[in-house]
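Student: One structure, pasted below without further comment.
Bear in mind these aren't lab numbers, they're just calculated from the coordinates by the rules spelled out. Here the structure is a predicted model, which means the values were calculated and not measured. FYI the Cβ positions are ideal-geometry reconstructions off the backbone, even for glycines, and counts take in every protein chain you see.
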Amino acid sequence: MKRMLISCLFALCFVPLSAQTKLLTAEQEQEIAKLIDQYSTARATNDTVLLKSILSEDVDQLVSTGEWRSGMQSAVQGMLRSTAANEGKRTLTIHQVKALTVHSAIVDCRYQVQSNNNTMRNMWSTFIVAKQNNVWKICAIRNMLPAAN
């Protein structure tokens with residue numbers, strides 16, 4: 001009986017997420033896409049002012065090397081180091097936006113870095129975004145380098 005009760009409670013926790021058809025409006029999805037574009041621009045131009053305006057104070061990032069960057073200062077410094085060490089054109093292409101609530105979403109992107117010697121690094125990047133004080137912010141970033149099959 002206890003196991004059944006726990007199973008039912010667990011299932012009820014996820015019903016609201018799966019039962020809702022559309023949590024984000026088209027306008028909100030455009031705002032999120034603009035946020036990802038701003039991130040790309042900030043990285044390409046080393047614009048720390050823009051970066052700090054689009055990241056949450058408690059942002060954290062896990063990069064493909066396994067390095068954790070926790071907090072605004074660590075994330076921004078790490079992004080600047082990474083951009084300098086891995087020069088090239090960075091492209092983020094949104095694959096999907098999955099709303100968690102009307103104020104938060106997961107954004108999965110194809111992340112490609114074309115180096116100056118024309119080699120291409122193909123990765124995935126996942127952003128956790130949330131609306132804070134009526135402005136979308138990046139709260140977490142996870143970069144993944146797919147394993148060779």
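Student: If you add up the charges near Gln28, with Lys and Arg at +1 and Asp and Glu at -1, over every other residue whose beta carbon is less than 12 angstrom from its beta carbon, what do you get?
Tutor: Local charge sum for Gln28: 0.
Student: Can you run the Rg to Rh ratio on region 25-129? Use alpha carbon positions and the Kirkwood inverse-distance Rh.
Tutor: Ratio of gyration radius to Kirkwood radius: 0.95.
Student: Kindly write out, for region 92-103 in residue order, the coupling ³J(HN,Hα) from the Karplus curve 6.51 cos²θ - 1.76 cosθ + 1.60 (θ = phi - 60°), rounded to whole Hz, with x marking Gly and Pro.
Tutor: Calculated HN-Hα couplings, in order: 10, 10, 5, 8, 7, 10, 10, 6, 9, 9, 6, 10 Hz.
Student: So for the pair Arg110, Asn122, with labels modelled 7 Å out along Cα→Cβ, what separation do we get in nm?
Tutor: Using points 7 Å along Cα→Cβ, the separation is 0.8 nm.
Student: Moving on to the next point. Starting from 0.36 nm per residue, how many nanometres of slack lie between Gln77 and Gln96 once their C-alpha separation is accounted for?
Tutor: My answer for the length gained is 4.0 nm.
Student: A further question on this structure: Within 10 Å, Cβ to Cβ, of Leu62, how many net charges do the neighbouring residues add up to if Lys/Arg are +1 and Asp/Glu are -1?
Tutor: Overall, the nearby charge balance is 0.
Student: Using the Karplus equation 6.51 cos²θ - 1.76 cosθ + 1.60 (θ = phi - 60°), what ³J(HN,Hα) coupling, rounded to whole Hz, does each residue of region 46-56 give in order, writing x for Gly and Pro?
Tutor: 6, 8, 5, 5, 5, 4, 5, 7, 10, 9, 6
Student: May I pose another question? Could you check the spin-label model distance between Thr41 and Asn86? Points 7 Å from the Cα along Cα→Cβ, value in nm.
Tutor: Each label point is offset 7 Å from its Cα along the Cβ direction, giving 2.3 nm.
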